[in-house]
Amino acid sequence: MSDKPAIGVPPGGHHHPVYRAWTMVVDGLAALATAFIAVLMAVICADIVVRNGFGGSLPLVSELGAMMVVLIVALQLPSAIRAGRLAQVEMVIGALEISRPRLAGLLNALFCLAGSIILGIVAWASFGILSGDWASGDFIGIPGLGTLPTWPFRTLITLGMSVAAAEFLFKALRHLHASFFSGKGPS
Amino acid sequence: QEQIDLTVASSHPTVVPWVGMIQTHFMARTDELLAETGTYQINWNEAFGGQLYKANATLSSVEDGITDIGWVFSFLEPAQLPLSQVSTNTPFAVTDVPALLEVIDELLVSNEAFKAEWEDHNVKVLGLTATDLYDIYTKEPLEGIADIAGMKLSAPGVLGSWLRGTGANAVDGALTTFYTDVQTGVSDGALSLALGVLPIKLYEVAPYINRFDAAAAFSGAIAINMDTWETLPEEVQAAMIEAGKYYTESHGQQMVELHEVALNTMVEQGANQNPKVTIVNMPAEERQKWVDMLPNLAAEWATPLEAQGVPAVEFVKQYMAALRAKGVEPSRAWDEEL
Amino acid sequence: MSPIDIGWISIGALIVLIVVGMPIGVSMLVTSFVSVMFIRSDMVAIRMLGQVANDSLEEYLYAVVPLFVLMGLLVTVSGVGRDTFDVFQRLLHRFTAGLGQATVFANAVFAAITGISIASATVFSRVAVPEMIRHGYTRKFATGVVAGSSVLGMLIPPSLLFIVYAVQAEESVGRMFLAGIGPGFLLAIMFCATIYALAKTQPKFVFDTEQTVVEQEFVSAWTVLRMATPIVALIALVLGGLYGGFFNPTEAGAAGAAGALVIALLRRSLNRRAFWRLLVETGQITVSVLFLILAASFFSRMLALSGMPNSLAVFLLDGPIGPWGFLLAYIALVIILGFLIDSISIMLIMLPIALPVASAAGFDLIWFGVITVIAIEIGLLTPPFGLSVYTIKAALDDPDLKVGEIFRGAFPFVIAMLITIAIIVAFPLIATWLPRL
Ligand code: NA
Ligand code: NA
């Protein structure tokens, strides 16, 4: 098991100020994503009501709905990583955690490091897309019917992916610490 | 013989005529020309139909070299390719697809800003595509354009503005949603193209084809990534330029022919359904009424672009002048309203 | 090394990483990234990764995922799910493994309001699994039934997969939807038969405890009616709205979630804090599923870039194997791809190659589409990339529940799907009778 609470806690415990601040960042982004889910439901329902009551579609609903999905995933990802909710096949690693806990800890640390690097590249590439969209004034929607600039969305995607990369890095360090420096196994 | 590996891709499947013609015309012609000397041969890696990217990334995928060659769907890139939206924002100006393509081709040479908006994205345009003609497909026959007032009509994104001022309400949708939207009553019909609605069999649920022959629009280009382009030997470049021209010409012709074929096919295939598929030919006055009802779309579009420093007003004037020079008589002089 | 070789190596590398225990999404992103680096360049790999993260989920259709998830959670928290099951329990308690059968029935009904299987898997893992365990079923069987019957969600209309197929095959969406009804019912019956056979021959697979007959305290018809009303109202809202022309399948998720919210509020089972917790939970389930889809689309794009699937399909399908050999090879290929990539990507890769061959072989493309969809849906249940299974894992969020257990529980239903395909191949009318009427 890679997701026991012990792994989530750094050497300094729950009350280390850096840990608390970081928790606030991760939880804050997740809360924002959560609010977007409620907004998504409200916007689509409003579109249904307006179309059936007043005839026309609200502008931007499908474009906004599509963009929201990307945002919800990016903002919620750090918290999902922390909670260990990314899908994984535990067959081998689960057995190793019992028979060879240090090897398992090392592997888990490597997995998290790989996750950190790849999401770091995602964040970097998203920043490139953000700068491009900013420079060209990219927007969603139809001019004349309603548009929104894309840079605020790209900013949040870049932010979410960066925090997710950092969360993976911290998790890698926690695995290493738990396996090699705390004197006991990871659980 | 030297082998050259190239990836060619599209967001849409090859059943869409202008995507299918990339294989049958552009690629085939290039191969044919290169076979004449036999110095070079291209190994095409085909990734059509959204295998590599979706419709929301047709420009950036060629720009970034994710594919070497691809069909760029300019309709969906209003921010990146602003001037390329000219034909959707000056609707009912042209129904002659080959003439429209010739004009766009000329403007790509003569208008610096238009040329730059493509080349700034690190792509070279090889061939051009346009839509066939737009008509209104409904559950009940129309007698005139006035009948659509109060109706809910499915229309893809930007075309919603062609319904402004008519009293009809545009329901946002795409070819994938039209059928069920009309079937269930989310909309009462659709503003669409014969070639687009034939494969989705929209006529089964909206059997009345109210034929306005509204307009054709410039929809995009076959483009090649500029970095790839520069690595290609001169002979290959020359072959592709010629194949691109051949593609554009054949495509223009085919749009005219296939449009009629598609309408006839719908009538044939829907002859036994109830009610059967019927083409309602709209008199020219009804089409004129429709275009006169529209707000000043060209100005609404060009003015903010001018504010951003994009010379849209000049471009509309050149575009309309070039159309008239080809003998096209625009149904509304959008250039005089700017 | 040719791009095609790289494609093959990447598949091997992916399987190793997943089996060793690297999170599946991360495994797919890493192998795809490295492969694209070798096929093209590091710059293209970086840009492609950025594009996948920013564009691949940018689809209005995916907006239904969080909303259906939210609806499922609301149905559960308000007790509507449990009530529904009590009703079915009372109706079906005389049948062998009645709750398993009830899950299949309830899924078939729910399939009429959802176009994606993820939604079915979420709702019923929350609603049905706890109830089945409460009634003495094994966790393996309970989750397996939910995973298996979730595939009904994309066979019985509306169905996202039929829409994608219809566009590529130039068939009408309406006819494809009609074509799914007969096979949908057939598959539901096959599932019920599977459950019956399991309960009779492998009771240990199905039941934890011996006494599975639930105490039948007397309840009045009035109570049953009161218990059934909310779920019937919810289904009426969604189905009525869908077929009455008030909203489309995408919007049905939002309408259903709003309806479930109203029911939860009327039942006073929700305060502000509890609602927030549900929204948080919705986000967690959504991200774990959509992150997989995101990663899988990068993997399938990388494969398309390598040209590997093309060459494989040409090799397998172009040979002198005859129409039935082609069909067999095609079904096998679809199932094999289903081990590793998501449903829509399989269609995008396979159909452009297979449709012309099928058409030349004289196959009815509606029938071919139904077979395609069922074969693709097998991939939802097969390891290592089985989306329905991971959805259940995410929705239950029980650290002790291993995905291997769910995969094993779902396996009998994979067999049932294979048999169903064989029946439809033998009797095409099951699929084509309604749409050709
Ligand atoms: Na369904
Ligand atoms: Na699978």
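A few remarks follow.
- Flag for C:Val370 being within 16 Å of ligand 1 (Cβ to nearest atom) and over 14 Å from the mean Cα position of the chain (by Cα): yes
- Against the list (1) within 16 Å of ligand 1 (Cβ to nearest atom); (2) surrounded by fewer than 24 Cβ atoms within 10 Å (Cβ to Cβ), the condition C:Gly98 fails is (1).
- In the range C:120-137, the residue that is surrounded by the most Cβ atoms within 10 Å (Cβ to Cβ) out of those that are within 14 Å of ligand 1 (Cβ to nearest atom) and more than 14 Å from every other protein chain (Cβ to nearest Cβ) is C:Phe124.
- For the range C:158-167, taking the residues that are modelled with pLDDT under 85 and within 11 Å of C:Ile344 (Cβ to Cβ), the one that is nearest to the chain's Cα centre (by Cα) is identified as C:Leu160.
- Restricted to the range A:86-183, the set of helices (runs of 4 or more DSSP H) holding at least 1 residues that are under 22 Å from A:Leu75 (Cα atoms) comprises A:101-136, A:151-180.
- Looking at the range B:74-133, the helices (runs of 4 or more DSSP H) lying wholly inside it that each contain 2 or more residues that are under 14 Å from the mean Cα position of the chain (by Cα) sit at B:86-89, B:97-110.
- Which listed residue, of C:Ala361, C:Ala375, is away from chain B (no Cβ under 14 Å), away from ligand 1 (no atom under 16 Å from the Cβ) and in contact with a Pro (Cβ under 6 Å, 6 or more places away or on another chain): C:Ala361
- Filter result (within 14 Å of another protein chain (Cβ to nearest Cβ) and buried (at least 20 other Cβ atoms within 10 Å of the Cβ)) within the range C:326-343: C:Leu337, C:Leu340, C:Ile341, C:Asp342, C:Ser343
- The range B:156-188, residues that are more than 7 Å from chain C (Cβ to nearest Cβ), farther than 19 Å from B:Leu133 by Cα and in a helix (DSSP H, G or I): B:Val182
- Answer from C:Ile421, C:Ile415, C:Ile346 - the residue that is crowded, with 23+ Cβ neighbours inside 10 Å and away from chain A (no Cβ under 14 Å): C:Ile346
- The C-beta contact set for the range A:47-66 (first residue on the phi < 0 side of the Ramachandran plot and within 9 Å of chain B (Cβ to nearest Cβ), second residue among the β-branched types (Val, Ile, Thr) and assigned to a loop (DSSP other than H, G, I, E, B), distance under 8 angstrom, 6+ apart or interchain) comprises A:Arg51/B:Val186.
- Only one of the numbered conditions (1) away from chain C (no Cβ under 13 Å); (2) within 21 Å of the chain's Cα centre (by Cα) is violated by B:Gly144, and that is (2).
- Qualifying residue in the range B:40-51 (condition: over 28 Å from the mean Cα position of the chain (by Cα) and within 13 Å of chain C (Cβ to nearest Cβ)): yes
- Once the range A:125-161 is narrowed to residues that are within 12 Å of chain C (Cβ to nearest Cβ) and without any contact (Cβ under 8 Å) to a residue 12 or more places away in the chain, the residue that is nearest to B:Ser84 (Cα to Cα) is A:Gly132.
- Of all residues in the range A:6-23, none satisfies being at pLDDT below 90 and at the interface with another protein chain (Cβ under 7 Å from one of its Cβ atoms).
- Residues within the range C:92-128 that are more than 25 Å from C:Leu161 (Cβ to Cβ) and of a type in the set (Lys, Arg), tallied: 1
- Close contacts from the range C:359-383, counting a first residue that is over 17 Å from C:Ala329 (Cβ atoms) and a second that is within 16 Å of ligand 2 (Cβ to nearest atom) and outside any helix (DSSP H, G or I), with Cβ to Cβ under 8 Å and a gap of 6+ residues or different chains, come to C:Leu380/C:Gly386; C:Pro383/A:Val89.
- Selection of the range C:242-256 for residues being aliphatic (A, V, I, L, M) and at the interface with chain B (Cβ under 8 Å from one of its Cβ atoms) yields only C:Leu242.
- Residues satisfying the criterion are present in the range C:311-330 (criterion: in contact (Cβ under 8 Å) with a residue 40 or more places away in the chain and farther than 24 Å from C:Ala422 by Cα).
The values are calculated or read from the model by the stated rules, or taken from the named source; none is laboratory data. Predicted model, so just to flag it, every value in this text is computed and none were measured. Cβ atoms come from the backbone with ideal geometry, glycine included; neighbour counts cover every protein chain shown.
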